Amino acid sequence: MAKAVELTEDQKSWMRVQTMTAVLERARNLELAKVGLNMPQTEVLYCLKVSEEPMTPMKLARMMHKQPHTVSALVHRMERQGLLTTKRDMKRKNWVRVSLAKKGEEALKHWATANMVTDVFSCLSKKDKEALYSITQQLHNKGLELLRKLQPDPYGEPLFW
C-alpha cells in the first residue's frame with residue numbers, strides 16, 4: 001500500500017486556495033457564458049475601459065500578468081468576435097493599438113449585471129473582507145517577488161536543460 005504524502009501547512013494552504021479558486025473560476029465562467037463572455041475576455045475589456053492611455057497587447061499582458069503571446073492570441077480572437085478593434089500605430093509601425101468596439105462596450109454592460117458569483121463575498125463580514133484584502137495583497141506582493149526571481153532574464157545567460 002502506498003504511503004500517504006505528508007503536506008506542510010503552507011502546502012495545505014496552497015491546495016485550499018487553489019481548490020477554492022478553481023471552483024469560483026468555473027462558476028464565474030459558467031455565469032459569464034450566459035452573456036457570451038469568459039473571464040479572460042472580461043479582463044481585457046475591463047483593462048481597456050479603465051486605461052487612460054492607448055493600449056497595446058504588450059501593455060495588456062503586463063497589466064494582466066500574462067504572457068504576451070497569450071494576450072495577443074486573445075486580442076485577435078476578440079477582434080474576430082467584434083468585441084474590440086486593433087489598428088497599427090502610425091508613428092510606431094510595429095505597434096498595434098487595441099480599443100473597445102461598440103459590441104465590447106455592450107458586453108461590458110452585460111458583464112456588470114452578471115454578479116451572482118461575485119456576490120459570493122456577501123457571506124463575509126466587513127472585518128473578514130478587510131482581512132481577505134490584506135492577506136491577498138500580501139500574497140500578491142510575494143507572488144510578484146517570486147515571479148521576478150523565477151522568470152528567466154531574456155538578456156541573461158541562456159538556460160541549459
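Total residues in the range 57-114 satisfying the condition of being over 13 Å from Val44 (Cα atoms) and hydrophobic (A, V, I, L, M, F, W, C): the figure is 5.
The residues in the range 7-19 that are under 21 Å from Lys66 (Cα atoms) and either of a type in the set (A, V, I, L, M) or surrounded by 12 or more Cβ atoms within 10 Å (Cβ to Cβ) (or both) can be counted, and the count is 2. Within the range 85-126, the set of residues being of a type in the set (Gly, Ala, Ser), over 22 Å from Pro54 (Cβ atoms) and outside any helix (DSSP H, G or I) comprises Ala114, Ser125. Mind checking whether some residue in the range 128-139 is farther than 28 Å from Lys34 by Cβ and assigned to a strand (DSSP E or B)? For the range 128-139, residues farther than 28 Å from Lys34 by Cβ and assigned to a strand (DSSP E or B): absent. The single residue among Ser134, Ser122, Ser72 that is among the polar types (S, T, N, Q), in contact (Cβ under 8 Å) with a residue 12 or more places away in the chain and on the phi < 0 side of the Ramachandran plot turns out to be Ser72. Every condition in (1) surrounded by 11 or more Cβ atoms within 10 Å (Cβ to Cβ); (2) out of contact with any Gly (no Cβ under 8 Å at 6 or more places or on another chain); (3) in the same structural domain as Val50 (by TED's automatic domain parsing) holds for Ala101 except the one numbered (2). Candidates in the range 21-71 are the residues that are more than 23 Å from Val120 (Cβ to Cβ) and acidic (Asp, Glu); of these, the one that is surrounded by the most Cβ atoms within 10 Å (Cβ to Cβ) is Glu53.
The values are calculated or read from the model by the stated rules, or taken from the named source; none is laboratory data. If you're wondering where the values come from, they're calculated on a predicted model, not measured in any experiment. Glycine also receives a Cβ, built like all others from the backbone with ideal geometry; neighbour counts cover every protein chain displayed.
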